[in-house]
Ligand code: 9GP
């Protein structure tokens, strides 16, 4: 496509679809026309992909995920279509500023954090590897909330990403699927003596599919992401409306459409919980129906399901799909129970993303039975069959039966979704080597004893397209020049950079790129948040969801202890290594302690940033509303990546991978994928500290007392006392009392136990940073040795170990 044809397509779009011309167009008109022009170049490929895959009856990977944290679309689409320069030149030829137009896009934030971003990386890699795949999810009207700070405290604003429409989606209301809820089940016996269940639901909702293009990189293949939006089946009840009760007439509509209103509604209230279960069933029911219709609903076709589709369950959120498929097969298509169960178990696989017991979902039997009565019956039957088999294999072990049952009896009768997922799947995987081991040895140990072959590991990965090629053009060009461009599709090629770590000139150029990225980020931060940071400081970065196990508190105590020592005259502030500690974190709206920690970080930042004694040598920068767009600017600028969760708590982490790939050095514990990062980049190029997982376990079972660490470590005591003294709250000693007393008397995540070791690692890091050339060498080695963390490699592992779905390249 030439610049001229791009420009004329763009103008035509503007006129014909937006009804404006260049003179009258708003920024949104221009952005939309630009997006449409780019999309046009992918549509033929998309249609061709669908046709080819259908003609070959190819096995499809159906990724079921309640979250996709996509990030901005325009640049990625341009990269995939190879039209970046054309689009830029075309806009310039029309007197338009491409970057300004691109900044109009509001990123679809349809995920909370790592899990949703992983799903987005995976669909990118599936498309790049030519694997027939479809991502199924929910088109939330409001994605993750927009975070603001009011007096340093988090406030949540709705995310109106669809306010001006999205040019990237293709709605297909004609392909809507009806999803039913509630009601009751009747049973009869068939002529052959089989139980026949008839579910009479009490309400229903329409699931409207919206397709998003997922173009592969360096291939013609374009896959789909299909997100479902809820719509009332009858927009209002005409009879009620005519009778004048307008409110009642629209109530049903609002009720139904609530389902796809908000990502993860607050689930601390019973109403919120129910809505979340509705969301889960809503999208999996629509997705299964959609998939089955593609395969065919005759008995013969249904029997081929295992050869035609594999469903990957992204965490427990979509696990209700297992009883749903059983219901479809048994109740709707009259497949015998045992055969249906064989089919079901062979098409599902489950990825577990956590080690925190509270993150493994359980649904009260009462709630699930009320919302999905037939599914509850099916779950009971699956459980009965499973327990009968278990009793045969492990007689006289009723404790084991109780532990493994899908139904927990205490403290509330509830369905353990992780057990249902494990029993109903062919393979269960963790997301990093350590995590998969802990899953086998602890979280699901009874199941791994019973079925050792069922458990496997697939270490997470990230897409190099978005997180290196697009986010870090400076580094990308340097790599291209050194080793060619093949790395973008085969990240293991980065290994070829290794010898260049010994090349002083290359190191200097690498350093220049990092510095330029820091300058670029400083500008972004100034414009976006009015925060000033100096590119001459170490950029010490901790960005991730705010959770106690991730230990933002540990990072903060490090800062406070430095400050405390300056206040006490322990050392001369001019000897401090210049450092900006950058935080980015959202707290779940109902997670009060996390919100307290955010307030404390901001309070500490406010005090130290304005203290002339520090002369700007130690600063905290905490931009609100950390999102994918900001990550793409921040990660390439980072010097230090903080991955400091308590060992045994972070399943994997994926930020850690993005930082290493962009040449930041990690300071971290032996947790999640840090273990593999350190192994690969080399222990000299990683700052390790902290207890190991077995040590954590030992300390906790011996009776951990955090106060002992407070008593025995003066630097730690100084930091905690300074917070407690009201130094960061205008003398108000009660302001952060909860945080302080929690650290002293509970400290579930052993912040105090790891403090000393963390401070030591930080001072090793500072000495290392002082030798900039040696630091650059380590940074180059981090890049060169992190190719393993490509999501392309993760997807290949899924294909080899779990999915066995061949690639279908387009001609
Ligand atoms: O907490 C994990 C994180 O460690 C991991 O990188 C990510 C993707 O696998 O999943 C997160 N888990 C969840 O968000 C909920 O289980």
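The values are calculated or read from the model by the stated rules, or taken from the named source; none is laboratory data. This one's a predicted model, so the numbers in the text were calculated from it and none came from an experiment. All Cβ positions, even for glycine, are placed from backbone atoms using ideal geometry, and neighbour counts span all protein chains on display.
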Within segment 630-654, the residues that are buried (at least 20 other Cβ atoms within 10 Å of the Cβ) and more than 16 Å from the ligand (Cβ to nearest atom) are 630, 632, 634, 636, 637, 638, 639, 640
Residue identified as surrounded by fewer than 20 Cβ atoms within 10 Å (Cβ to Cβ) and assigned by TED's automatic domain parsing to the domain that holds residue 667 among 571, 510: 571
Unique residue being touching a helix residue (DSSP H, G or I) at 6+ places or on another chain (Cβ under 9 Å) and closer than 30 Å to residue 119 by Cα when the list is 613, 551, 579: 551
Which members of segment 187-210 meet the condition of being assigned to a strand (DSSP E or B) and under 20 Å from residue 335 (Cβ atoms)? 187, 188, 189, 195, 196, 197, 198, 199
For residue 625, the lone unmet condition from (1) surrounded by fewer than 24 Cβ atoms within 10 Å (Cβ to Cβ); (2) within 16 Å of the ligand (Cβ to nearest atom); (3) over 30 Å from residue 496 (Cα atoms); (4) under 18 Å from the mean Cα position of the chain (by Cα) is (2)
If I filter segment 140-153 for residues that are part of a helix (DSSP H, G or I), over 18 Å from residue 627 (Cβ atoms) and away from the ligand (no atom under 16 Å from the Cβ), do I get at least one hit? no
Identify all residues within segment 588-610 that are surrounded by 22 or more Cβ atoms within 10 Å (Cβ to Cβ) and outside any helix (DSSP H, G or I); write none if there are none. none
From (1) farther than 24 Å from residue 443 by Cβ; (2) assigned to a helix (DSSP H, G or I), pick out the condition that doesn't hold for residue 396. (2)
Candidate set from segment 325-352 (those that are crowded, with 20+ Cβ neighbours inside 10 Å and in a loop (DSSP other than H, G, I, E, B)); member that is farthest from the ligand (Cβ to nearest atom): 335
Of all residues making up segment 414-467, the number that are crowded, with 24+ Cβ neighbours inside 10 Å, in a strand (DSSP E or B) and away from the ligand (no atom under 13 Å from the Cβ): 2
